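The block underneath contains the structure these notes are about, expressed in structure tokens.
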Amino acid sequence: MKTLEDQYTEMAEKYQSLEPLEEKHLSRLASQGDEKSVELLFKHNAGRILFFARRTAHGTTGPQSYYFDYSKNIISMDEAICVAAESLAKAIRTFKPNTDAKKLSN
């Protein structure tokens, strides 16, 4: 039986990161309720889910965060993947493409 990490690793290998213009196009479609675009954005960001989940599960923060310290198991890898996946899903579904980033930072 494959672990959740194995499943996301396979997804990340199958669905590589999108080009910025393609991601922007899919984001606009997703914001209009296109479920296929939501699914594609999610799958093509599986590598990011793994990256953040590994950092969380293995307690790697700070200037040397690119080293995974497996001795600091803060939460399980499955829990970390679930939290990262839920966060990504929420970000995809609540993204507003016409929002001015400068207005948000003020």
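Taken together, the values in this text are just the output of simple stated rules run on the coordinates, not laboratory data. Here the structure is a predicted model, which is why all the values come from computation and not from measurement. Here Cβ is always computed from backbone atoms with ideal geometry, including for glycine, and neighbour counts include all displayed protein chains.
Could you go through segment 19-27 in sequence order and give the Karplus-derived ³J(HN,Hα) for each residue, using 6.51 cos²θ - 1.76 cosθ + 1.60 with θ = phi - 60°, rounded to whole Hz, and x for Gly and Pro?
5, x, 5, 5, 5, 5, 4, 5, 5
With labels modelled as points extended 7 Å from the Cα through the Cβ direction, what inter-label distance (nm, one decimal) is found for D34 paired with E79?
Here the answer is 3.8 nm between the modelled labels.
Round to the nearest 0.05 the FRET efficiency obtained for F95 and Y15 when R0 = 22 Å and r is the Cβ-Cβ distance.
0.75
Taking 20 Å as the cut-off for C-alpha to C-alpha distance, list the pairs among K2/K90; K36/K90; K2/K36 that go past it.
Pairs exceeding 20 Å: K2/K90; K2/K36.
Go through 11-22, 40-51, 75-86 and give me the packing order, highest mean Cβ count within 10 Å leading.
40-51, 75-86, 11-22
Counting only C-alpha contacts under 8 Å and six or more residues apart, can you give the relative contact order of segment 1-50 as a whole percent?
Computed value for segment 1-50: 53 percent relative contact order.
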